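> Got a structure for you, written out below as structure tokens; questions coming shortly.
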Amino acid sequence: MFVVFEGIDGSGKTTLSKLLVEELNKKGLTAVWTKEPFDNQIREVILSKNLDPWSEVFLFLSDRREHVLKVIKPALEKDYIVVCDRYYYSTLAYQGFGKGLNLQKLEKLNNLATEGLEPDIVFILDIDPQKALKRINKTRGEKTKFEKLQFLQKVREGFLNLAKEKENILILNAEEELTKLLSTVLLHILVKLNSAH
Ligand code: TMP
């Protein structure tokens, strides 16, 4: 099973997705945690340079392709549960809705990069960008180039729009307590696993 977490910076994806993997492992299921950008060197280039938006997309896409081919697909073939912190929805939300690049082109390119690999379930952690930025300031210090309020407002709207179009996406209120979020997510996954067997 392929599970994806999405949301703006500071929405709590990483904490929740890592906890989920721990819980699944405790239940005797083999779950692995992974993230995008996958390659930290590519992440560094994207964040440190002032790139043309399409150049940025091509870097995210090559990172994604390597990730899918070398990590995600092999783990899915072993029947592991793959929990991924960000996937192609981030490109649609940040570079599409956020930076105004053509969504159809982005979808086509992503399809090429991932060979059409779709997650079974996507959780979007929804939060007011102002609150998310406060969380970031508290925990991480310096903001990256993607962490500006107006930009994140567009990205948030983007994620919410994507959820309207695709049926495997679930929106969660990121301001709920972590334990509540975890049990909601776990329940969805266990139901899906049961219905698949
Ligand atoms: P991270 O902080 O989650 O590692 O991601 C780095 C930044 O890259 C984050 O602000 C979101 C952004 N991003 C995109 O703009 N497009 C993408 O496709 C991905 C995967 C991330």
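The values are calculated or read from the model by the stated rules, or taken from the named source; none is laboratory data. All values reported here derive from a predicted model rather than from experimental measurement. When we count neighbours, we look across all protein chains shown, and the Cβ atoms used for this are built from the backbone with ideal geometry, even at glycine. The area values use the complete protein model at the heavy-atom level, side chains included, leaving out ligands, DNA and RNA. Shrake-Rupley method; radii C 1.70, N 1.55, O 1.52, S 1.80 Å.
> Could you pull out the residue among 175, 157 that is modelled with pLDDT of 95 or more, part of a helix (DSSP H, G or I) and farther than 25 Å from residue 70 by Cα?
Of 175, 157, the one residue that is modelled with pLDDT of 95 or more, part of a helix (DSSP H, G or I) and farther than 25 Å from residue 70 by Cα is 157.
> Pick from 13, 26, 49: which is surrounded by fewer than 16 Cβ atoms within 10 Å (Cβ to Cβ) and under 25 Å from residue 137 (Cβ atoms)?
Going through 13, 26, 49 in turn, the sole match is 49.
> Among the residues of region 98-109, are any free of Cβ contacts under 8 Å to residues at least 12 places away in the same chain and either under 28 Å from residue 196 (Cβ atoms) or touching a helix residue (DSSP H, G or I) at 6+ places or on another chain (Cβ under 7 Å) (or both)?
Yes: region 98-109 contains one or more residues that are free of Cβ contacts under 8 Å to residues at least 12 places away in the same chain and either under 28 Å from residue 196 (Cβ atoms) or touching a helix residue (DSSP H, G or I) at 6+ places or on another chain (Cβ under 7 Å) (or both).
Table: residues versus (1) more than 16 Å from the ligand (Cβ to nearest atom); (2) charged (D, E, K, R); (3) open to solvent by less than 60 Å² (accessible area, probe 1.4 Å).
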{"position": "146", "(1), (2), (3)": "no, no, yes"}
{"position": "151", "(1), (2), (3)": "no, no, yes"}
{"position": "165", "(1), (2), (3)": "yes, yes, no"}
{"position": "195", "(1), (2), (3)": "yes, no, no"}
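> Follow-up question, since we're still on this one. Which one of the conditions (1) surrounded by fewer than 20 Cβ atoms within 10 Å (Cβ to Cβ); (2) touching a residue at least 12 places away in the same chain (Cβ under 8 Å); (3) under 14 Å from residue 61 (Cα atoms) does residue 89 fail to meet, given that it meets all the rest?
Failing condition for residue 89: (1).
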